[in-house]
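Asker: One structure follows; several queries about it will come next.
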Number of protein chains: 2
Amino acid sequence: MNTHFDHAGVATDDAAELADLYADLFGLEIAHEEEFDGMRVVFVDCGNGYFELLEPLEDGTIAQYLDSHGAGIHHLALATGDLEGALERARASDVRLIDEEPRPGAWGHTVAFLHPADTGGVLLEFVEY
Amino acid sequence: MNTHFDHAGVATDDAAELADLYADLFGLEIAHEEEFDGMRVVFVDCGNGYFELLEPLEDGTIAQYLDSHGAGIHHLALATGDLEGALERARASDVRLIDEEPRPGAWGHTVAFLHPADTGGVLLEFVEY
């Protein structure tokens, strides 16, 4: 499986309301909901990827993002079949890693984030299913 | 064709350099480049969608975005087979439109933007091929 688009992470103060709006507006289905890492996380299925709506339930990265930036696009995630290899490739390109090692992410996936300062200001996440 | 993810638009001051980095880092191909509406626009192919890298060549929306926010994710685009219907649906949900009528976009597509204040702070674009 080649690297491909997986989801756009969106910071929001009401994930359920925004999920309903996106589902309605775009004719999409809510695929998955869970509480993870102090957040309510709702995935809205675009057919070829997801909106991942992130609502903080306690202080943390997303709560701080909402405080400083307001609601909006937080990150982009690419799916890969070889997360260790993808991180190796990033290191070889002198891209700093937020997660040096893969770690558990939402929906039971394994994830790692790259540092946005080295990727054009875009917070990028790798996801391995 | 149902609504699905088409691209993530990224504001950058060097689209060619960022395209090379993304292609390298993620093993992707550059699919298309053009000058459009005072911008250099480079599409990097994720297989199931694109990064649309937007570099301003003159003053305009993206130049102003870079000035106020710095480089990073600017918008998300969903492809639809019925752009007029999608705009009608947005109006029915009381979502304000930046473009009341579909207009020409990059790569010869037809596009319209929704107002981020009504979509959770996310600037969303519809694209019709």
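The values are calculated or read from the model by the stated rules, or taken from the named source; none is laboratory data. What you see is a predicted model; the values in this text were computed from it and never measured. Glycine also receives a Cβ, built like all others from the backbone with ideal geometry; neighbour counts cover every protein chain displayed. Remember, those area values only see protein heavy atoms, side chains included, never the ligands or the DNA or RNA. Shrake-Rupley method; radii C 1.70, N 1.55, O 1.52, S 1.80 Å.
Asker: For residue A:3, state whether it is surrounded by 15 or more Cβ atoms within 10 Å (Cβ to Cβ), under 21 Å from residue B:115 (Cβ atoms), in contact with a helix residue (DSSP H, G or I) (Cβ under 8 Å, 6 or more places away or on another chain) and of a type in the set (S, T, N, Q). Talk me through it step by step, then tell me what you get.
Answerer: Numbers: surrounded by 15 or more Cβ atoms within 10 Å (Cβ to Cβ): yes; under 21 Å from residue B:115 (Cβ atoms): no; in contact with a helix residue (DSSP H, G or I) (Cβ under 8 Å, 6 or more places away or on another chain): yes; of a type in the set (S, T, N, Q): yes.
So residue A:3 does not fit the description; no.
Asker: Out of segment B:24-50, which residues are under 30 Å from residue A:86 (Cα atoms), open to solvent by 20 Å² or more (accessible area, probe 1.4 Å) and either assigned to a helix (DSSP H, G or I) or touching a residue at least 60 places away in the same chain (Cβ under 8 Å) (or both)?
Answerer: Matches in segment B:24-50: B:24, B:32, B:34.
Asker: Among the numbered conditions (1) open to solvent by less than 20 Å² (accessible area, probe 1.4 Å); (2) outside any helix (DSSP H, G or I); (3) closer than 22 Å to residue A:87 by Cα, tell me where residue B:18 comes up short.
Answerer: It is condition (2) that residue B:18 fails.
Asker: Follow-up question, since we're still on this one. Yes or no: residue A:92 within 26 Å of residue B:5 (Cα to Cα) and small (Gly, Ala, Ser)?
Answerer: Answer is no for this residue.
Asker: Counting just the residues of segment B:51-86 that are in a loop (DSSP other than H, G, I, E, B) and closer than 21 Å to residue A:70 by Cβ, which one comes out farthest from the other protein chains (Cβ to nearest Cβ)?
Answerer: Here the answer is B:70.
Asker: Of the residues A:69, A:7, which is touching a strand residue (DSSP E or B) at 6+ places or on another chain (Cβ under 9 Å), closer than 30 Å to residue B:92 by Cα, in contact (Cβ under 8 Å) with a residue 60 or more places away in the chain and not hydrophobic (A, V, I, L, M, F, W, C)?
Answerer: A:7
Asker: Under 19 Å from residue A:120 (Cβ atoms), touching a Gly at 6+ places or on another chain (Cβ under 7 Å) and surrounded by 15 or more Cβ atoms within 10 Å (Cβ to Cβ): does that describe residue B:74?
Answerer: On the way: under 19 Å from residue A:120 (Cβ atoms): yes; touching a Gly at 6+ places or on another chain (Cβ under 7 Å): yes; surrounded by 15 or more Cβ atoms within 10 Å (Cβ to Cβ): yes.
When the stated conditions are applied, residue B:74 passes them.
Asker: Restricting attention to segment A:87-109, which residues are open to solvent by 50 Å² or more (accessible area, probe 1.4 Å), within 18 Å of residue A:9 (Cα to Cα) and not in a loop (DSSP other than H, G, I, E, B)?
Answerer: The answer is A:103, A:104, A:107, A:108.
Asker: Oh, and also: In segment A:110-129, which residues are surrounded by fewer than 21 Cβ atoms within 10 Å (Cβ to Cβ), assigned to a strand (DSSP E or B) and within 9 Å of another protein chain (Cβ to nearest Cβ)?
Answerer: none
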